[in-house]
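Visitor: Take this structure first; my questions come after.
No value in this document is a laboratory result; all are computed from the given coordinates. These numbers were taken from a predicted model, which means no experiment stands behind them. Quick reminder, even Gly has a Cβ in these numbers, built from the backbone with ideal geometry, and neighbours come from all protein chains shown.
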Amino acid sequence: MKRRLLLLLPLIGFLALSLFLYQGLSLNPFHRESALMARDFPAFDLATLESPERRVDRSLFTSGELTLVNVWGEWCPECKREMPQLLDLAHRHEIRMIGISWKDTREKGLGFLEEFGNPFEVNIFDPDNELGFELGVFGAPETFLVDGGGVIRYHHTGYISPGEVREKILPEVQKWR
Amino acid sequence: MLTQMIPEIGHYALVIALLLAVIQAVMPLAGAATRRPLWMAYARPMATGQFLFVAIAYACLTTSYMLDDFSVANVANNSNSMLPWYYKFSAVWGNHEGSVLLWSLMLAGWGYAAASFSRELPRDMVARVLGVMGLVCVGFLLFILVTSNPFERLLPHMPADGADLNPLLQDIGLILHPPMLYMGYVGFSVVFAFAIAALLGGRLDAAWARWARPWTNLAWACLTVGIALGSWWAYYELGWGGWWFWDPVENASLLPWLTGTALMHSLAVTEKRGAFKSWTLLLAITTFSLSLLGTFLVRSGVLTSVHAFANDPSRGFFILMLLGITVGLSLLIFALRAPRVSHKVGFSWLSRDALLLINNLMLVIMTVTVLLGTVYPLLLDALDLGKISVGPPYFNALFVPLTLIMSVFMGLGPISRWKETAPSLLVRRLWLAAVVAVVLGAALPLIFAERWSAPVAVGLIAALWIVLPMLRDLYDKIRRASTLGAGLKKLSLAYWGMQLGHLGVAVTIVGVAVVSNYNIERNVRMGPGDSVQVAGYTFTMIELTDRRGANFLADRAVIEVQRGDSNRRFTMNPEKRLYLATGMPMTQVALRPGLFRDLYVAMGEDLGDGSWAMRVQYKPFVRWLWLGALLMSIGGVLAVADKRYRRMATAPDPEETALKPAGGDRGKEATA
């Protein structure tokens, strides 16, 4: 009997370990929704995609209007699939949208908007990941909800499906509008 | 037209492979349990078919990469039309979905190999081994099809070009590192299946150990090379000049290596002496479990690491379930059935048996040390005690002394005898080796280095202590023969394998000791015309240029190096690359390799005024690290080629097997 118990030890040890691993899954370090939550949108000074002469900064976000900021790139296939949802949010739900054209060339970025539509009031041109770095972006698309005072209220990582528009984006917009 | 169907064909092939794997798992296991030869006979054809269809799926994905089919999401996200063809080929496994597919391909491949080279095995053993492997395949193929389908399409919005392969992965070391590592990880599934089969069948004898040993050695050799390649890659590609970072993923590959090493030695005892049976089984299960754990840690992104490139919790959950079912079930079977196969064998405390037991113990302690250090941050986090990371100091403080203690026993092991060794014999054969090791080990750094270093001396003594007794043993064995040739001929390949493997460990110990203590690193600001002296070498920056590669732009420095006052000069060209598609900067270090030292120059930051922050390093004996690993794995492969395994490697005449009466298998069992 004693030997039996001894032989069960590896199993018990393993079960304990997997319990922790299971908990570890929900503590995924990549779940960073809260990292920038309730922080001010970072300061920046960049040109717009539409015109190299026009420079924009943080004051874009302190106009008192709730804004959805979307990080995109022409090279990013998910961004293209996401465009119909973004156009819907801008036109049907009348949400102010600002784009960040991320790690892209001006020519390709403008081509993208021509082909897939432009829901954005203006696009910040960030070819060298300056603003992206401040925001902690690590892959397009990413979307931030910024309230009228320039404070980040919600962060969505990755592609936004039509379902997520209904279940996540719109409720958040309601909450902070 | 036909090429447009390739991804769908691949997807379909995967589904068929899954179905075949289900049959491969169910029929033979059920057949072995109910003694139905026909059901057991399903094992081999199903394993073959499954391998074939996974290979078709893999070929389809590779073709999609080669043809730049950006309508496939996996290709669009990880490749680019500008990539050279060999990186398109290797980009297949540079991402989550593709690497799981590669994993499955290898699993099926090992299964196919086990099916092909098992003609000598009893039918029920083959059925159980392949059945268990089939079960594992089912798990992984389900994982691919449910959570990680590499053939998903991006239609109708397909991108014009792909997002490019992570620049870190655009490198020869990374073409080879994952496949070798996976070959090792997955290879342990064979000995795992053998262990479960032995537990289910209640039969574990010397013949079983003889079947299991070559598979273990092969998997171990692949894993050794895989780990060494990873270390080599980190050394020249990451630009920090380190070769082992105790990164969670490195640790994950080290864990099965440690238990796999223990398993090889334990199997030797089981074959020769019929001892340590349940221990061997437990090690076989543990080794494969740790391979799976490694996969879980990498694929789930539970631990932050440079390697974690999949971060989908549903995937992590699936792998955890897979891990839980596989490991939990096998450990349960172990607990229930192990008493049936084990029995007591006596040996004295000074014998090869006992020394191998100590070796096993040390390796297991090392495994636990590394495992704890790796998951400890996770435990704390789960218990809400804050986030910490366990760094190299913890690992070095425990791992280095453990290795030294083990090397003491490594000197004793090969020259001791089974069952019992007379102390006087050991003393007689070893006193000279001990004296020479201590004197030489202490004196060598004094003679060749500028300053004496105690850690280096200890490392050298340990290495010499491993090597010298083996030389003595070799000498004794040859001396007894009539001529040198006859003496050498009599030594088996397994013996040479053991010698080489141990020599490899010694060589690695020398490399680690010397490079860790005599490494010189200088961070300097350099512009054209500036020079710096490191370890007797003068590095002069001649000019700064730029260069355009296939898919990157690079700043490039031309550095001229001169040794002492000699007239021999050579140039080194470190680069700072900017990859166009991702905008990711990468350091390409310039290396001047040598058997006794590497010179290492890396470009840091552009300081603006025409000069750069440069990192210049002198790394003595660093090559010995990987040379040692190479020797170890060659040793492992040599042992597989030994005569006594060859009998089972050559399949008997098929007609003869076909004509054999039904009782043939049983008869063989008795004689084996």
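Visitor: Sort the protein assembly as shown into rounded, prolate or oblate with this rule: let a ≥ b ≥ c be the square roots of the eigenvalues of the Cα gyration tensor; rounded if a/c is under 1.5, and if a/c is not under 1.5, prolate when a/b is larger than b/c, oblate otherwise.
Guide: It is oblate, given that a/c is not under 1.5 and a/b is not larger than b/c.
Visitor: Follow-up question, since we're still on this one. Based on DSSP H assignment, which helices of chain A show an axial Cα extent of at least 20 Å together with a mean Kyte-Doolittle hydropathy greater than or equal to -1.0?
Guide: The answer, listed by residue number, is A:2-26, A:77-91.
Visitor: Right, another one. Return, ordered by residue number, the residues of region A:143-171 whose backbone nitrogen is under 11 Å from a label point located 7 Å along Cα→Cβ of B:His157.
Guide: A:159-162
Visitor: How do A:Asp128, B:Asp124 rank when sorted from fewest to most other Cβ atoms within 10 Å of their own Cβ? Please list the in-between numbers first.
Guide: Details: A:Asp128 13, B:Asp124 22.
With the fewest neighbours first, A:Asp128, B:Asp124 line up as A:Asp128, B:Asp124.
Visitor: Another question about this same structure. Which of B:Lys277/B:Lys477; A:Lys80/A:Lys108; B:Lys272/B:Lys643; B:Lys277/B:Lys419; B:Lys489/B:Lys643; A:Lys80/B:Lys88 have a Cα-Cα distance over 20 Å?
Guide: Where the Cα-Cα span goes over 20 Å, the pairs concerned are B:Lys277/B:Lys477; A:Lys80/B:Lys88.
Visitor: Treat every Asp and Glu Cβ in region B:432-491 as -1 and every Lys and Arg Cβ as +1, leave all other atoms uncharged, and give the resulting dipole magnitude about the Cα centre to the nearest 20 debye. List each step's numbers first, then the result.
Guide: On the way: 7 positive and 3 negative charges, 79 e Å.
The dipole of region B:432-491 has a size of about 380 debye.
Visitor: If you don't mind, another one. Whole angstrom only: what separates the Cα centroid of region B:403-418 from the Cα centroid of region B:1-77?
Guide: For region B:403-418 versus region B:1-77, the Cα centre distance is 46 Å.
Visitor: Beyond 22 Å, how much of the Cα-Cα pair distribution for region B:1-170 remains, as a whole percent?
Guide: 46
Visitor: Positive end of the dipole of chain B, charges at C-beta (+1 Lys, Arg; -1 Asp, Glu), about the Cα centre: which of B:Ala506, B:Trp452, B:Val138 has its Cα farthest in that direction?
Guide: Toward the positive end, the furthest listed residue is B:Ala506.
Visitor: Sticking with this one: Please state the charge dipole magnitude for chain B, taken about the Cα centre, from unit charges on C-beta atoms (+1 on K and R, -1 on D and E), reported in debye and rounded to the nearest 20.
Guide: Working: 54 positive and 41 negative charges, 658 e Å.
Rounded to the nearest 20 debye, it is 3160 debye.
Visitor: Using alpha carbons only, how many angstrom separate the centre of region B:108-176 from the centre of region B:576-626?
Guide: Centre-to-centre distance over Cα atoms comes out at 35 Å.
Visitor: Of the chymotrypsin sites (Phe, Trp or Tyr not before Pro) in region B:330-419, which ones lie in a loop per DSSP and count no more than 12 other C-beta atoms within 10 Å? Walk me through the numbers on the way to the answer.
Guide: Details: sites: B:Phe334, B:Phe347, B:Trp349, B:Tyr394, B:Phe395, B:Phe399, B:Phe409, B:Trp418; in loops: B:Phe347, B:Trp349, B:Trp418.
Within region B:330-419, the qualifying chymotrypsin sites (Phe, Trp or Tyr not before Pro) (loop, at most 12 other Cβ atoms within 10 Å) are B:Trp349.
Visitor: Right, something else. Taking the number of other C-beta atoms within 10 Å as the exposure measure, put A:His156, B:His96 in order starting with the fewest.
Guide: Lowest to highest Cβ neighbour count: A:His156, B:His96.
Visitor: Give the shape of chain B as rounded, prolate or oblate, defined through the alpha-carbon gyration tensor: a ≥ b ≥ c are the square roots of its eigenvalues, a/c under 1.5 means rounded, and otherwise the shape is prolate if a/b is larger than b/c and oblate if not.
Guide: Note, shape of chain B comes out oblate.
Visitor: Can you pull out the trypsin sites (Lys or Arg not before Pro) in region A:65-149 whose DSSP state is coil and whose Cβ has at most 15 other Cβ atoms within 10 Å?
Guide: Passing both the DSSP loop test and the Cβ count: A:Arg92.
Visitor: Further, regarding this structure: Counting only helical runs of four or more DSSP H residues, what would the 222 nm mean residue ellipticity of chain B come to if each run contributes -39,500 (n - 2.57) and the total is spread over all its residues?
Guide: -22000 deg cm²/dmol
Visitor: So who's got an amide H within less than 5 Å of the one on B:Leu350, skipping anything under 5 residues away but keeping other chains? H placed 1.01 Å off N, in plane.
Guide: When sequence neighbours closer than 5 places are left aside, the close amide H contacts are B:Thr421.
Visitor: Given region A:35-176, report the % of alpha carbon pairs whose separation exceeds 21 Å.
Guide: Of all Cα-Cα pairs in region A:35-176, 35 percent lie more than 21 Å apart.
Visitor: For A:Lys175 and A:Phe133, FRET efficiency with R0 = 30 Å and r from the beta-carbon atoms, rounded to 0.05?
Guide: 0.60
Visitor: What is the dipole size for chain A, taken about its Cα centre, with +1 at each Lys and Arg Cβ and -1 at each Asp and Glu Cβ, in debye to the nearest 20?
Guide: So the magnitude is around 1360 debye.
Visitor: For B:Ser531, B:Ser330, what's the fewest-to-most ordering of other Cβ within 10 Å of each Cβ?
Guide: B:Ser531, B:Ser330
Visitor: PRE reach from A:Arg166 (point 7 Å along Cα→Cβ): which of region A:76-101 fall under 16 Å by backbone N?
Guide: Answer for region A:76-101: A:85-86, A:88-89, A:93.
Visitor: What shape does region B:520-621 take by its C-alpha gyration tensor, where a ≥ b ≥ c are the square roots of the eigenvalues and a/c under 1.5 counts as rounded, a/b above b/c as prolate, and the rest as oblate?
Guide: Note, shape of region B:520-621 comes out prolate.
Visitor: With each label point set 7 Å from Cα along the Cα-Cβ vector, what nm distance links B:Asp606 and B:Thr571?
Guide: The two pseudo-label positions are separated by 2.1 nm.
Visitor: For region B:1-170, build the charge dipole from Cβ charges (+1 Lys, Arg; -1 Asp, Glu) around the Cα centre, then report which of B:Leu83, B:Gln4, B:Thr34 sits farthest towards its positive end.
Guide: Checked the options; the winner is B:Thr34.
Visitor: So, counting K/R as plus one and D/E as minus one, what does the shell of residues with Cβ under 12 Å around B:Ile415 add up to?
Guide: Result for the local shell: +4.
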